[in-house]
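Notes to accompany the following structure.
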Amino acid sequence: MTATPIVRTVLHTVALVGNPNAGKTSLFNALTGSQQKVANYPGVTVERAVGRLRGNTPGAAIEVVDVPGLYSTNAVSVDEQVAAEEIRGAAGPALDLLVFVADVTNLERSLYFFSQVADLGQPMIVALTMTDALAKQGGSVNIEALSQALGTVVVSVISHKGVGLEDLKSAILTALEQKPVPPPVGKEPGSKVEISTDERYKWAQEVRETSVLEGPPHRSTTEKIDAILTHRVFGLAIFVGVMYGLFQSIYTLAAPMMDGIEWLIGQLGDAVSPSIEGIPWLQSLVVDGLIGGVGSALVFLPQILILFFFIAALEGTGYLARSAFLMDRLLGWCGLSGRAFIPLLSSFACAIPGIMAARVMPDARSRLATIIIAPLMSCSARLPVYILLIGAFIEPRFGPGWAGFTLFAMHFVGLIIAIPIVLILNRNVLKMKRLPFIMELPRYQWPKWRDVWLSMFLRGKVFLQTAGTIIVLMSVVMWALLYFPRDIEGEARAKREYSAKNADFRERVSEDKYLQQVHVEQSYLGRIGKGIEPVFAPAGFDWRLSTAILCAFPAREVVVSSIGILFSLGSDAEEKDLQSALSSSTWPDGRPLFTPWTAVGFMVFFALCCQCMSTLATVRRETNSWKWPLFMFVYMTGLAYVAAVAIHRVSLLFG
Amino acid sequence: MKIGELKQGAKAQVVGYCDRTDCVMRLQEMGLTLGTEFQVTKIAPLGDPIEICFRCQRLVVRGKECDGIEIEPMVAEQ
């Protein structure tokens, strides 16, 4: 404790409660601004956002919790259960006040849930949203009548315009003192008998009829837009166009930004490097391990931000739900849902934003299934490997037609394999209760840019804080495995070996590149690679290929530069040289290392394996457990291995 | 009759529940109570899911998952 006098403040916790799509998150953003903390509830994947109430709250610090949206206190899934428990006050610190967020354009359903929450007997006030939409339809609401019917304070708010926010804040402050408990709806005080759902709705309907005056019935703008956007032909065509735009943006728009980040990281490394030149291992640790590790986390940011910009904007307009409506049949039959389309599509650019995007699915089970198959989609980091090997072994022998086909097939391999995987997952692995697929089609509206911006900002922040930390730690571990052991004696021995080589060899391979190669070979990672050579022998890979696969763990694209080093061409070898080195390399007994089939086997292995620590770190963060990344690593590596061995065996049969 | 058998634009009324699955219970809690009138406003281009409209809300459901709800089509008013 410090001796300086501090203003005594009391910490209050206020929770925003309500239906999904009632405008809870918009209100939360308006009340708390960017000072939000997002974390998973313990044991589940659903998130709880907490923020400090902005503005002047004399004598009190007020924490606002955005409880995940619910339709009922009768939870179906585990995610709903934690949210329901939070409202009951059964989990963690007691709540001082509930702010029930009710959508005036969907008042009966909101009031059904209100009636259940009111029965809990906790202090509660009501924030009424979407009054602007009601007014646009020509309707109006009598706040006083509603307040009287519900037995508590009702404040109308339009979050994105800031209307009613001050009134709500002062209502919260007053309520924290007076603790207004609305009368229970569904049961007599003290009694345990509850009324039925039908009776609650009868009550809700009565309340609505006494307080809301609806506008004249007419064909709404939303219906007119939907006539096109969910049309059999135009709807699907527009959907394809939107998805194409989304994919192109994360694929190409992000590329220059990623290059920029890599350049900056390189500059930073160069700037720091000279100051610690005296201690080679420290220099390498800082530049290659730490700064490089930070770079490999940062490099994902552009794609994450772009994708979440699109998702938040699409969700904000209401189109996200329509896209799921259009695609549900296509994905639903194997246990996914229409909402899996965007996560899976983005995974073709990179699995990391794809996995993060899986949170658009409210059902934990289909979310997990989507996360688990997302890395099977062929991401852009696998492309350099395909191009290298196809250029070396397919194109020269079979021509550009087959080369193109192989490249195409490589992108489909994971997608095809994903189908049986999902079926097995749903039948045998994922046992949690499935949330029924009931999706709201919200009104079309312009996205609220503050919500879009906050969603991007928070996703980036959460990624860097959690997954990013793991990525940096793993980078350092991988660096150590690749750097050590390193001693002066070994270095001198390698130099002697080099000078003992014949002139022809020295002509081909510079001393530097030879030392690089020997060094990787001697490192712990190289030793592991050599150690597991027998394991990979049935697939036709030698120790250099297995080591290259290991080296790709920090980032898949590293595999190409690792192949460069291991085939004594250095890390920045030209693709042409690399291709000729690969096609001329042999086993110790003189057999060629690569046949076209070995190349295909290596590509398929690479397409299916989970050699990407950033993916695993992201899955750890999104599933809130190490169980799923471990499962993912094991099943994908197993799958990749079996496929590579099978391809090699078949190729031997046909000679 | 079941919801999945309705044509686009058809109006119907809930007359009973024959299988109280999670989906049926949840729809009931969202306002599809006994006697509620609803309209099938759209069927997705691939035949499923179905968009239904009741109590001023538009929900998308899968035909099969709603088989626990017994409905009766309503004759067009005019």
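The values are calculated or read from the model by the stated rules, or taken from the named source; none is laboratory data. Keep in mind that this is a model prediction, so the values were computed, not measured. So basically every Cβ, Gly included, is an ideal-geometry build from the backbone, and we count neighbours across all protein chains shown. When the accessible area is computed, the model is the full protein with side chains, heavy atoms only, and any ligands, DNA or RNA have been set aside. Shrake-Rupley method; radii C 1.70, N 1.55, O 1.52, S 1.80 Å.
Would you be able to say whether some residue in region A:491-503 is more than 14 Å from chain B (Cβ to nearest Cβ), modelled with pLDDT under 85 and within 44 Å of the chain's Cα centre (by Cα)? Yes: region A:491-503 contains one or more residues that are more than 14 Å from chain B (Cβ to nearest Cβ), modelled with pLDDT under 85 and within 44 Å of the chain's Cα centre (by Cα).
Flag: B:Gly35 matches the condition of being without any contact (Cβ under 8 Å) to a residue 24 or more places away in the chain, within 12 Å of chain A (Cβ to nearest Cβ) and out of contact with any Ser or Thr (no Cβ under 8 Å at 6 or more places or on another chain).
Report yes if B:Glu5 is surrounded by fewer than 21 Cβ atoms within 10 Å (Cβ to Cβ), charged (D, E, K, R), over 25 Å from A:Thr222 (Cα atoms) and touching a strand residue (DSSP E or B) at 6+ places or on another chain (Cβ under 9 Å), otherwise no.
Answer is yes for this residue.
Restricting to region A:46-71, what's the tally of residues that are hydroxyl-bearing (Ser, Thr, Tyr) and buried (at least 21 other Cβ atoms within 10 Å of the Cβ)?
Of the residues in region A:46-71, 1 are hydroxyl-bearing (Ser, Thr, Tyr) and buried (at least 21 other Cβ atoms within 10 Å of the Cβ).
Quick one: in region A:87-119, of everything that is closer than 18 Å to A:Val65 by Cα and of a type in the set (D, E, K, R), which residue is most open to solvent (accessible area, probe 1.4 Å)? This residue is A:Arg88. In the set (1) in a helix (DSSP H, G or I); (2) within 14 Å of chain B (Cβ to nearest Cβ); (3) not charged (D, E, K, R), the condition left unmet by A:Met432 is number (1). The condition (being more than 29 Å from A:Arg486 (Cα to Cα) and surrounded by fewer than 20 Cβ atoms within 10 Å (Cβ to Cβ)) is satisfied by just one residue among A:Ser249, A:Ser273: A:Ser249. Flag not set for B:Glu72, criterion: in a strand (DSSP E or B) and within 8 Å of chain A (Cβ to nearest Cβ). Remark: pairs (first residue in region B:50-65, farther than 17 Å from B:Glu5 by Cα; second residue surrounded by 21 or more Cβ atoms within 10 Å (Cβ to Cβ) and among the basic types (Lys, Arg); Cβ separation under 7 Å; 6+ apart in sequence or on different chains) = B:Arg55/A:Arg109; B:Gln57/A:Arg109. Looking at B:Leu59, B:Leu46, B:Leu27, B:Leu32, just one residue is of a type outside the set (Val, Ile, Thr), open to solvent by less than 40 Å² (accessible area, probe 1.4 Å) and assigned to a loop (DSSP other than H, G, I, E, B), and that residue is B:Leu32.
Could you pull out every one of the helices (runs of 4 or more DSSP H) wholly within region A:157-244 that has 3 or more residues that are under 37 Å from the mean Cα position of the chain (by Cα) and at pLDDT 90 or above? Break it down into steps so the answer makes sense when it comes.
Details: elements: A:165-178, A:197-211, A:221-229.
By residue number, A:165-178, A:221-229.
Would region A:474-491 turn up any residue that is in a helix (DSSP H, G or I), exposed (fewer than 13 other Cβ atoms within 10 Å of the Cβ), of a type in the set (D, E, K, R) and not assigned by TED's automatic domain parsing to the domain that holds A:Gly318? Explain how you work it out, then say what you get.
Step one: list which residues in region A:474-491 are in a helix (DSSP H, G or I), which gives A:474-483, A:488-491.
Subsequent filtering for residues that are exposed (fewer than 13 other Cβ atoms within 10 Å of the Cβ) retains A:488-489.
Narrowing further to those that are of a type in the set (D, E, K, R): A:489.
Then drop every residue that is not not assigned by TED's automatic domain parsing to the domain that holds A:Gly318, which leaves A:489.
Yes, some residue in region A:474-491 is in a helix (DSSP H, G or I), exposed (fewer than 13 other Cβ atoms within 10 Å of the Cβ), of a type in the set (D, E, K, R) and not assigned by TED's automatic domain parsing to the domain that holds A:Gly318.
The residue pairs whose first member lies in region A:159-180 and is free of Cβ contacts under 8 Å to residues at least 40 places away in the same chain and assigned by TED's automatic domain parsing to the domain that holds A:Val99, whose second member is open to solvent by less than 10 Å² (accessible area, probe 1.4 Å) and among the aliphatic types (A, V, I, L, M), and whose beta carbons are closer than 9 Å, counting only pairs six or more residues apart or on different chains, are A:Val163/A:Val157; A:Gly164/A:Ala127; A:Gly164/A:Leu128; A:Gly164/A:Val157; A:Asp167/A:Val157; A:Thr174/A:Ile125.
For region A:642-655, state whether one or more residues are modelled with pLDDT of 90 or more and within 26 Å of A:Met478 (Cα to Cα). Yes: region A:642-655 contains one or more residues that are modelled with pLDDT of 90 or more and within 26 Å of A:Met478 (Cα to Cα).
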